[in-house]
Amino acid sequence: MGIRLANTWMERARHMKTPDIRLYKNDLPDGLVFKDAIAVDSEAMGLNPHRDRLCVVQLSGGDEICHLVQFELGTTQAPNLQRLLEDDKVVKIFHYARFDVMLLKQALGIRVNPLYCTKIASRLARTYTDSHSYKSVCLELVGVQISKVQQSSDWGADILSEEQLIYAATDVLYLHKIREKLNIILAREGRLGMAQACFDFLHTRTDLDLEGWLDKDIFAHA
Ligand code: MN
């Protein structure tokens, strides 16, 4: 099912382009092909993956299309999504990959790889600021003002609102551009290797999170 959402007052207010949103249930359709990198985000009922179910996964190939998969209660497998997210020829770009990678592991048994996290990249590149939220990097690196108002909303609803769909799409539409900008700074500052090592560590970090060390820094002295 493809939906072309109409312009709304909220988008016009923020000078955003209308995203082209394709909505699916429980898995991606057969035959979708992506190039070398896809932007990925997810929405859940809350922040505890042992309690809160996965509701939505959003993907974008770096064009203005957002593929949005909505999950019904009890879904434990999504073979097409799994194939794509585990495809070692396609980099998966997240903002704060730690949460989404943990959630996808817990909910669907997917080990997302290879990874790029724009939040980690921003922390290593933009050492002149403490603002590394998606909203902050969008504003500084892409020049767009986004809204996080729908972040706390009922993502388990059978029918998602137009505001939720647009919010969900917004969370993946700028990640390619952000990665490109951050890589320029990381290369200039000699930190691309350190960034890659951090991305590679995300699997160990999310395994620790799921197995009981979520709020512990195992490298800390005390
Ligand atoms: Mn999101």
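The values are calculated or read from the model by the stated rules, or taken from the named source; none is laboratory data. Source: prediction; values computed, not measured. In this analysis, Cβ positions are derived from the backbone assuming ideal geometry, glycine residues included, and neighbour counts consider all displayed protein chains. Ligands, DNA and RNA are excluded from the accessible area calculation, which covers all protein heavy atoms including side chains. Shrake-Rupley method; radii C 1.70, N 1.55, O 1.52, S 1.80 Å.
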State the percent of C-alpha pairs, over all pairs in segment 40-157, separated by a distance greater than 25 angstrom.
-> 25 percent
State in Å² the accessible area per residue of the chain; use a 1.4 Å probe, count heavy atoms of protein chains only, and round to the nearest integer.
-> 51 Å²
Quote the charge dipole size of segment 101-171 about the Cα centre in Debye, to the nearest 20; the model charges only the Cβ of Lys and Arg (+1) and of Asp and Glu (-1).
-> 480 debye
Picking from L208, L32, L182, which is most flexible by a Gaussian network model of the chain using Cα springs under 10 Å?
-> L32
Using a cut-off of 14 Å between beta-carbons, work out the net charge of the residues near A197 (Lys and Arg +1, Asp and Glu -1, A197 not included).
-> +2
Taking only Cα atoms of the chain, radius of gyration then Dmax in Å = 17.0, 54
Hey, with R₀ at 25 Å, roughly what FRET efficiency would D215 and S152 work out to, going by the Cβ-Cβ distance, to 0.05?
-> 0.75
For segment 89-189, state which chymotrypsin sites (Phe, Trp or Tyr not before Pro) are in a DSSP loop and have at most 14 other beta carbons lying within 10 Å of their beta carbon.
-> Y128
In segment 40-128, what trypsin sites (Lys or Arg not before Pro) fall in a loop by DSSP, with at most 14 other Cβ atoms inside 10 Å?
-> R51, K89, R111
Computed over segment 120-220, Kirkwood Rh from alpha-carbon pairs, angstrom | 15.9 Å
Give me the distance in nm between label points sitting 7 Å out from Cα along the Cα-to-Cβ direction at R123 and L32, one decimal.
-> 2.9 nm
Note the count of lysine pairs whose C-alpha atoms are less than 28 angstrom apart in segment 67-222, limited to pairs 8 or more residues apart or on different chains.
-> 28
Among A195, T18, Q82, whose Cα sits farthest toward the positive end of the charge dipole of segment 3-213 (+1 at Cβ of Lys/Arg, -1 at Cβ of Asp/Glu, about the Cα centre)?
-> A195
Please give the net charge around I159, taking every other residue with its beta carbon less than 13 angstrom from that of I159, where Lys and Arg add +1 and Asp and Glu add -1.
-> -4
Among G212, G74, G61, which one shows the biggest mean-square fluctuation in a GNM of the chain, springs joining Cα atoms closer than 10 Å?
-> G212
If one computes the Cα centroid of segment 57-116 and of segment 173-191, what distance in Å separates the two points?
-> 21 Å
Can you check what the net charge comes to around V137, using other residues whose Cβ is under 15 Å from the Cβ of V137 (Lys, Arg +1; Asp, Glu -1)?
-> +3
Nearest-20 debye value, segment 3-213 charge dipole, Cβ charges on Lys, Arg, Asp, Glu = 620 debye
